[in-house]
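Asker: What follows is a structure written as structure tokens; I'll ask about it next.
The values are calculated or read from the model by the stated rules, or taken from the named source; none is laboratory data. Not measured: the values here are computed from a predicted model. Note: ideal-geometry Cβ built from the backbone for every residue, glycine included; neighbour counts use all protein chains shown. For accessibility, only protein heavy atoms count, side chains too; no ligands or nucleic acids. Shrake-Rupley method; radii C 1.70, N 1.55, O 1.52, S 1.80 Å.
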Amino acid sequence: MARKGRSLWWSVHAWAGLKLSLFMGFILATGTLAVFAHELDWLVTPSMRVMPQDAAPASWGQLVDGAQEAVPGARLNSLYAPTHPGFAAEAWMDAGGARMVRVHLDPYTGAATGTAPWYNIHRFLRETHRHLMLPVKIGVPIVCTLALLLVASLISGIVTYKKWWRGFFKRPRGGDGRRLTGDLHRLAGLWSLWFTALIAVTGLWYMVESLGGDAPDQPYPPVLATPSPTLDGAALDRLVAAGLAAYPGLEIREIRFPTPKGDRGLMVMGQADAWLVRDRANAVWLDPASGAVRLVTKGEELSVHQRISEMADPLHFGTLGGFATKIIWFIAGLLLTSLSVTGVMIYSLRLHNGRPAPAAPANGWVRAWRGMGVWAYPALGLVILSLALTPGAIMAAAG
């Protein structure tokens, strides 16, 4: 009876890992690369690179002056602190196109180092991984269904691997491709157990959000009676000082400027005492005209529902501990992505070794494709569709 149950779980594991392995591998690979998306942009965009200095950083006002000088007449939308040392600060400016223009700024002098299109590697990986370039309401639920497959693979893998806890330091056996691939698959699976569970849980949460279970928005002030004035650097520095006085200890990471429609003032946000929250959880809203503080929100005051929502992104993408956790998440993502590849290889090798030559195609890729059955076609179709929609997204961003 136990053997029959284990056989059933093995079938579940094989189905979950094989039938949609092409689609699963694509989503896992783009997610893994997305961990270092900003760093990839840094490598290919010279204006993002600055030499770290032992000097005081420029004020937020100096950054604003540098951005407005770089793109005269454009409306400033957002201003971001450098992602890591050696990175430029970044301003998003509305120059009249369909999307924003990025202005990179020297974090020590405030001077512009260059401009770049809004669409970049980070946007490509983010939109491909999250919703396949499809409309968000359609793409997110499709991608999130893979979380169910991860849960099935996780449970079935543990059940079918006898005494799995002994395998963490088991050396892969050589001499046979099928045996070596199987050992590597089990070893990678064991070391990525925690990561598989984490990605599955956060993926299920994203599905809940996409289906209407998202947390309520944080409070925000009412729309101002009169439009906010255009801010220069000196005015912004005064507002930042007022914001820090209202929220001592706030490490400002982003500033959002008043919008023409629904002007609620200036929003200063960042990190403070609450752990595992996005920057928006800790914020100060200010009236640009009077300098008055309109509202202060703190991460530790969020409801349980809101806190869960805020935790999802830092946990999913590994940004909770800076560059160090990004490295861990990237390695774990590679292991998880490799499971899709080695799982298909195991099936192909088993089919090749278990049947007479005429019964199984000689080409391993053909055996794997046939093993996926009809599921291979929608999986491949989604991958191709996502890539085919990318040029349109880039052109739309260019305006």
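Asker: Condition check: closer than 30 Å to residue 190 by Cα, of a type in the set (S, T, N, Q) and modelled with pLDDT of 95 or more. Does residue 128 satisfy that?
Answerer: yes
Asker: Consider only pairs whose beta carbons are under 6 Å apart and that are at least six residues apart or on different chains; among these, list those whose first residue lies in segment 358-384 and is outside any loop (DSSP other than H, G, I, E, B) and whose second residue is modelled with pLDDT of 80 or more and among the β-branched types (Val, Ile, Thr).
Answerer: Going by the 6 Å Cβ cut-off, the qualifying pairs are 368/344.
Asker: Looking at 174, 96, 139, which one is surrounded by 18 or more Cβ atoms within 10 Å (Cβ to Cβ) and small (Gly, Ala, Ser)?
Answerer: Only one candidate passes the filter, namely 139.
Residues checked against (1) under 20 Å from residue 33 (Cβ atoms); (2) touching an Asp or Glu at 6+ places or on another chain (Cβ under 9 Å):
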position	(1), (2)
108	no, no
111	no, yes
121	yes, yes
131	yes, no
141	no, no
161	no, no
165	no, no
172	no, yes
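Asker: May I ask you to list the residues in segment 207-250 that are of a type in the set (D, E, K, R), within 30 Å of the chain's Cα centre (by Cα) and part of a loop (DSSP other than H, G, I, E, B)?
Answerer: Scanning segment 207-250 gives 214, 217.
Asker: Follow-up. Can you run down the residue pairs with Cβ atoms below 7 Å, 6 or more apart or on separate chains, where the first is in segment 304-332 and closer than 11 Å to residue 198 by Cα and the partner is open to solvent by 40 Å² or more (accessible area, probe 1.4 Å) and at pLDDT 95 or above?
Answerer: Listed pairs, sorted by first residue: 312/205; 312/206; 318/328.
Asker: Which is closer than 20 Å to residue 251 by Cβ and within 23 Å of the chain's Cα centre (by Cα), of 117, 107, 85?
Answerer: Among 117, 107, 85, only 85 is closer than 20 Å to residue 251 by Cβ and within 23 Å of the chain's Cα centre (by Cα).
Rundown of residues vs (1) under 20 Å from residue 267 (Cβ atoms); (2) crowded, with 20+ Cβ neighbours inside 10 Å; (3) touching a strand residue (DSSP E or B) at 6+ places or on another chain (Cβ under 7 Å), yes/no style:
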| site | (1), (2), (3) |
| --- | --- |
| 39 | no, no, no |
| 44 | no, no, no |
| 64 | yes, yes, yes |
| 85 | no, no, no |
| 91 | yes, yes, yes |
| 116 | no, no, yes |
| 122 | no, no, no |
| 127 | no, yes, no |
| 134 | no, no, no |
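Okay, residues lined up against (1) touching an Asp or Glu at 6+ places or on another chain (Cβ under 9 Å); (2) within 17 Å of residue 228 (Cβ to Cβ):
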residue: 65; (1), (2): yes, no
residue: 68; (1), (2): yes, yes
residue: 85; (1), (2): no, no
residue: 101; (1), (2): yes, no
residue: 104; (1), (2): yes, no
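Asker: If I filter segment 225-244 for residues that are buried (at least 16 other Cβ atoms within 10 Å of the Cβ), in contact with a Lys or Arg (Cβ under 8 Å, 6 or more places away or on another chain) and in contact (Cβ under 8 Å) with a residue 40 or more places away in the chain, do I get at least one hit?
Answerer: Checked segment 225-244: no residue is buried (at least 16 other Cβ atoms within 10 Å of the Cβ), in contact with a Lys or Arg (Cβ under 8 Å, 6 or more places away or on another chain) and in contact (Cβ under 8 Å) with a residue 40 or more places away in the chain.
Asker: One residue is enough: does segment 145-155 have a residue meeting the conditions of a type in the set (Val, Ile, Thr), over 24 Å from residue 380 (Cβ atoms) and in contact (Cβ under 8 Å) with a residue 12 or more places away in the chain?
Answerer: Yes, because at least one residue in segment 145-155 is of a type in the set (Val, Ile, Thr), over 24 Å from residue 380 (Cβ atoms) and in contact (Cβ under 8 Å) with a residue 12 or more places away in the chain.
Asker: If you don't mind, another one. Would you mind stating whether residue 262 is open to solvent by less than 60 Å² (accessible area, probe 1.4 Å) and more than 19 Å from residue 57 (Cβ to Cβ)?
Answerer: yes
Asker: How about segment 1-91: which helices (runs of 4 or more DSSP H) wholly inside it have at least 3 residues that are at pLDDT 95 or above?
Answerer: 21-34, 37-44, 60-70
Asker: Looking at segment 318-326, can you tell me whether even one residue there is outside any helix (DSSP H, G or I) and either under 18 Å from residue 231 (Cβ atoms) or of a type in the set (D, E, K, R) (or both)?
Answerer: No.
Asker: Would you confirm, using the coordinates I've provided, whether residue 386 is of a type outside the set (Val, Ile, Thr), in contact with a Ser or Thr (Cβ under 6 Å, 6 or more places away or on another chain), at pLDDT 80 or above and surrounded by 14 or more Cβ atoms within 10 Å (Cβ to Cβ)?
Answerer: Answer is yes for this residue.
Asker: Another question, if that's okay. Which condition number in (1) among the basic types (Lys, Arg); (2) touching a residue at least 12 places away in the same chain (Cβ under 8 Å); (3) in a loop (DSSP other than H, G, I, E, B) is the one that residue 253 fails?
Answerer: (3)
Asker: Does residue 166 count as within 14 Å of residue 202 (Cβ to Cβ) and either open to solvent by 50 Å² or more (accessible area, probe 1.4 Å) or more than 17 Å from the chain's Cα centre (by Cα) (or both)?
Answerer: Here the answer is no, as residue 166 does not meet what is asked.
Asker: Where residues in segment 16-37 are over 13 Å from residue 128 (Cβ atoms) and either free of Cβ contacts under 8 Å to residues at least 24 places away in the same chain or touching a Lys or Arg at 6+ places or on another chain (Cβ under 9 Å) (or both), which of them is surrounded by the fewest Cβ atoms within 10 Å (Cβ to Cβ)?
Answerer: The extreme case among them is 36.
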